[in-house]
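*Asks:* Next up is a structure, given as structure tokens.
The values are calculated or read from the model by the stated rules, or taken from the named source; none is laboratory data. For clarity, every value in this text was computed on a predicted model and none was experimentally measured. Glycine gets a Cβ as well: all are built from the backbone with ideal geometry, and neighbour counts include every protein chain shown. Ligands, DNA and RNA are excluded from the accessible area calculation, which covers all protein heavy atoms including side chains. Shrake-Rupley method; radii C 1.70, N 1.55, O 1.52, S 1.80 Å.
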Amino acid sequence: MASTDNGVDVKKHSADDLAGLEAGLDALDSVVVSRTPLRETLNRKVLPPVTAIVLVLVVWQLLVWAQVAPEYKLPAPADVWAEVSDAWLKGTLLDYIWTSVSRGLLGFLIALAIGTPLGLLVARVRFVRGAIGPILSGLQSLPSVAWVPPAVLWLGLNDSMMYAVILLGAVPSIANGLVAGIDQIPPLFLRAGRTLGATGLREARYIVMPAALPGYLAGLKQGWAFSWRSLMAAEIIATSPDLGVGLGQLLEHGRTNSSMSQVFLAIFLILLVGIAIDLLIFSPLERRVLRSRGLLVTR
Amino acid sequence: MATTTATTAKVAEDATAVPYAARIEHVSKSFPTPGRTGGQQLVLDDITLDVAPGEFVTLLGASGCGKSTLLNLVAGLDRPSVGSIGTDGRPALMFQEHALFPWLTAGRNIELALKLRGVAKAERRPEAERLLDLVRLQGAYGKRVHELSGGMRQRVALARALAQDSRLLLMDEPFAALDAITRDVLHDELTRIWRETGLSVLFVTHNVREAVRLAQRVVLLSSRPGRIAREWTVDLPHPRRIEDAAVAELSVEITEELRGEIRRHGQH
């Protein structure tokens, strides 16, 4: 072989150059991660929904001007706005919202505390999965409004009845989300965790829960939507002076008073709270988790 | 074939309590045949193999020779059907995929291994930095897994495996998914780290040149079922290069043998 001399030469160099070679490879192969500038975010994320809202308001006003329906069926945007400012001046607007939101959030937190260990058990213990897995996913398709009559009979017209309905709606979806998240964990992570010595509770704490987090968050998001829906159903059906006035009761009062603008106000507020909680809590949380794992593709 | 005495690797003095890093004795493994009830498929047949403290052994074989199965058995992820396996402590295991946890940074991945090993909190960060230093990834501590290149990920995975402080490192085709240049660089790195740490390595591959370039001993497995077909002692000095004439020469010999093993399967 003619290259023997050369080979020895290369060897000597390679020992010194290895670090440099490696640094070069690292620099060439690394992925540069950059964040999008604020202005672009505004253009992409804020402009489209604002345009849509303005468009809806314009069409609405045009329909009112065209008098497609009598005023008691279709109030003007200005009438609904008057209802908002009226409630605001009386100081009741925030009360309505807070009554419902505090119930919804507390109910959701209790559902979280029950749904999480339940989901973990169903996902990890074969017997438990066989026993209650199908029931748990079946419960998700049962509209939680169906729980209102029995809850009223069991618990009476009070707050615990509201919470019972929220729990029956939200616990299954939180548990199911966690089960789905755990089922999607690549087996490689579990093997890697086991070789590192993560077994039993430590496996659940350090490997299973963080690996299942994206699915779990999706379950939480859905769980919140279910909590909020169940609560509104309960508030509309069960009205009593003891319960205070939440958004559901506001809607029901609007109906009994034949005040369409109050009905519209209640519906807007219910929608607004749902969107706000999602936008302020769940979406940022979800984006943060996905981005940190390199799973968020920005387009 | 007699066990090679390790000349290039430093043998850890305190390892004398157990004269081996891994001892595989008459191990067979069969799995239930899929689809049929009661059927058993023999994957490994009567494997006996010792890995001496500080020794670098590669297990070489074509598809279906059960090399990954054997590694799983040594790692304790599965149990042999027959025979026994002894290791000096719990071995560390590296996979073909980096298997780093994407919810943690590179540094935190290493710290998790340290934490699960029982290292005190205050010592974890400096130890993780030291290990990243060892694989020449200073400054990668806060990097997320998706921000690293394939070669860097495998180096972090190597650092995490080293964090387990095992005497034996099991490697399951850890460089198979990398491009040729990166793989070559990582061969050098692995050799350097093996010599610095005095670890024992059991390295599985189907790449003959890789086996020869890295190992002190190459063990060829036959396929279906996996049996030890032949062993070679590689006493070429380090650093070796994949282009070295001596590496090529031995590779040709081993490849011929491997081809012979594969050819046997086409004959019936």
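*Asks:* How much of the accessible area of segment B:100-164, probe 1.4 Å, is carbon plus sulfur, in whole percent?
*Replies:* Details: 1080 of 2360 Å².
Roughly 46 percent, rounded to a whole number.
*Asks:* Can you pull the accessible area of residue B:235 for me, 1.4 Å probe, Å² to the nearest 10?
*Replies:* Accessible surface of residue B:235 is approximately 130 Å².
*Asks:* While we're here: Can you pull the semi-axes for the protein assembly as shown, root of five times each eigenvalue of the Cα gyration tensor, sorted largest first, whole Å? Could you put the intermediate results ahead of the total?
*Replies:* Details: eigenvalues 808, 157, 83 Å².
For the protein assembly as shown, the semi-axes come out at 64, 28, 20 Å.
*Asks:* Also, I was wondering about something else. Tell me whether segment A:205-299 comes out rounded, prolate or oblate; compute the Cα gyration tensor, take square roots of the eigenvalues as a ≥ b ≥ c, and use a/c under 1.5 as the rounded threshold. Please list the in-between numbers first.
*Replies:* On the way: a/c = 4.77, a/b = 2.38, b/c = 2.01.
Here segment A:205-299 falls in the prolate category.
*Asks:* Go through A:292, A:137, B:251 and list them by solvent-accessible area, largest first, probe radius 1.4 Å.
*Replies:* Working: A:292 30, A:137 60, B:251 5 Å².
Largest accessible area first, the list is A:137, A:292, B:251.
*Asks:* Next question. Given charges of +1 on the Cβ of Lys and Arg and -1 on the Cβ of Asp and Glu, with all other atoms neutral, how large is the dipole of segment B:100-164 about its Cα centre, in debye to the nearest 20? Could the numbers behind the result be given before it?
*Replies:* Values: 13 positive and 6 negative charges, 22 e Å.
With only Lys, Arg, Asp and Glu charged at Cβ, the dipole is about 100 debye.
*Asks:* If you take every DSSP beta bridge fully contained in chain B, what fraction is antiparallel? Give it as a percent rounded to 5.
*Replies:* On the way: 19 of 37 bridges.
Roughly 50 percent of the beta bridges in chain B run antiparallel, per DSSP.
*Asks:* Among the listed pairs B:67/B:143; A:45/B:121; B:115/B:143; A:221/B:143; A:73/A:221, which are separated by more than 31 Å between their Cα atoms? Don't skip to the end; give the middle numbers.
*Replies:* Details: B:67/B:143 33 Å; A:45/B:121 42 Å; B:115/B:143 19 Å; A:221/B:143 29 Å; A:73/A:221 34 Å.
Pairs exceeding the cut-off: B:67/B:143; A:45/B:121; A:73/A:221.
*Asks:* Further question on the same structure: Show me you know the interface measure: the accessible area buried between B and A, both chains summed, probe 1.4 Å, in Å² to the nearest 100.
*Replies:* Numbers: alone 13160 and 18900 Å², together 28720 Å².
In total, this chain pair buries about 3300 Å².
*Asks:* Placing +1 on the Cβ of each Lys and Arg and -1 on the Cβ of each Asp and Glu in the protein assembly as shown, which of A:218, A:107, B:24 has its Cα farthest towards the positive end of the resulting dipole?
*Replies:* A:107
*Asks:* With +1 on each Lys and Arg Cβ and -1 on each Asp and Glu Cβ, and nothing else charged, work out how big the dipole of segment B:51-113 is about its Cα centre, in Debye to the nearest 20.
*Replies:* Values: 4 positive and 5 negative charges, 21 e Å.
Using only the charged Cβ atoms, the result is roughly 100 debye.
*Asks:* Given a Förster distance of 41 angstrom, what is the FRET efficiency for residue A:98 paired with residue B:78, based on the Cβ-Cβ distance and rounded to 0.05? List each step's numbers first, then the result.
*Replies:* On the way: r = 57 Å, r/R0 = 1.39.
Result of the calculation: an efficiency of 0.10.
*Asks:* Considering the options A:147, A:207, A:120, tell which one lies farthest towards the positive end of the dipole of the protein assembly as shown, charges being +1 on Lys and Arg and -1 on Asp and Glu at the Cβ, about the Cα centre.
*Replies:* Most positive-ward Cα: A:147.
*Asks:* Shifting gears a bit: How big is segment A:175-242 by the Kirkwood estimate over distinct Cα pairs, in Å? Show your work: numbers first, answer last.
*Replies:* On the way: mean 1/r = 0.0715 Å⁻¹.
After inverting the mean inverse Cα-Cα distance, the result is 14.0 Å.
*Asks:* Shape call for segment B:100-164 from the C-alpha gyration tensor, a ≥ b ≥ c root eigenvalues: rounded (a/c under 1.5), prolate (a/b greater than b/c) or oblate?
*Replies:* On the way: a/c = 1.75, a/b = 1.52, b/c = 1.15.
Prolate.
*Asks:* Could you work out the mean count of beta carbons from other protein chains within 10 Å of each residue's beta carbon in A:287-294?
*Replies:* The per-residue average across the peptide is 3.
*Asks:* While we're looking at this one, here's another question. Assign one of three labels to segment A:70-292, namely rounded, prolate or oblate, based on the Cα gyration tensor with a ≥ b ≥ c the square roots of its eigenvalues; rounded applies when a/c is under 1.5, prolate when it is not and a/b is larger than b/c, and oblate otherwise.
*Replies:* Working: a/c = 3.09, a/b = 2.02, b/c = 1.53.
It is prolate, given that a/c is not under 1.5 and a/b is the larger ratio.
*Asks:* Just to verify a number: FRET efficiency for residue A:28 and residue B:236, C-beta to C-beta distance, R0 = 30 Å, to 0.05? Walk me through the intermediate numbers first.
*Replies:* Details: r = 31 Å, r/R0 = 1.02.
Efficiency at R0 = 30 Å is approximately 0.45.
*Asks:* So how far apart, in nm, are the two label points at residue A:88 and residue A:135 if each is 7 Å from Cα heading toward Cβ?
*Replies:* If labels sit at residue A:88 and residue A:135, their model points lie 4.9 nm apart.
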